[in-house]
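One structure is given here, and the rest of the page talks about it.
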Amino acid sequence: MSGKWACASIRISSKDKTCTEVTKILGIDPTSFHAKGSLIYKKSSTYRKESLWILDSGISDDNKLEMHVDKLVVLIRGKKAAFKRLLRLKCEVELFLGFSSENGQGSYRLSSFNIGVLSEVRGISVLFDLYP
């Protein structure tokens, strides 16, 4: 990726639950996943201590971050009970937001609607990652 871009994903990690179990609870296939015990990198001798389930927004990275976030928050709202169950099962759930501003300066405003949906689930962290 070069220039201005944006992306978002839901990331679910667990020491106890497999990616298959997360998929079954949510009823959604991940965009990608990594099994607990798998190598972090092909040329590494470090193994993952947790499983990691990732669902990307599926929106092109040249769209505004807001579009990515809105799509994922609507999904979370529709699957609120499943996300609450994952949190009760000690899974860590994160809404990852990444963007580049081309000049190292940038901001993003999370709408009150999206904050409301996330607060209804209670326990989903939001990570903002700005790339210069």
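Laboratory data are not the source of any read-out in this text; all were calculated from the coordinates shown. Computed from a predicted model, the values in this text were never measured in an experiment. No Cβ is skipped: glycine too gets one built from the backbone with ideal geometry, and neighbour counts run over all protein chains shown.
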When the charge dipole of the range 5-131 is computed with +1 on Lys and Arg Cβ and -1 on Asp and Glu Cβ about the Cα centre, the Cα farthest towards its positive end, among CYS91, ILE115, MET67, belongs to CYS91
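Just for the chain, what percent of DSSP beta bridges are antiparallel, to the closest 5?
Bridges in the chain that DSSP calls antiparallel: roughly 70 percent.
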Filtering trypsin sites (Lys or Arg not before Pro) in the range 47-130 by DSSP loop and by at most 16 other Cβ atoms within 10 Å leaves ARG48, LYS49, LYS64, LYS90, ARG109, ARG122
Listed with the fewest Cβ neighbours within 10 Å leading, HIS34, HIS68 appear as HIS34, HIS68
Loop-resident GluC sites (Glu not before Pro) in the range 49-111 with no more than 13 other Cβ atoms inside 10 Å, DSSP not H/G/I/E/B, are GLU102
Note on the chain: alpha-carbon gyration tensor, axes a ≥ b ≥ c; rule is a/c under 1.5 for rounded, else prolate if a/b larger than b/c, else oblate; result oblate
For the SER107, SER60 Cβ pair and Förster radius 22 Å, calculated FRET efficiency rounded to 0.05 is 0.55
Dividing the mean separation of Cα pairs under 8 Å (6+ apart) by the residue count of the chain yields a relative contact order in percent of 32 percent
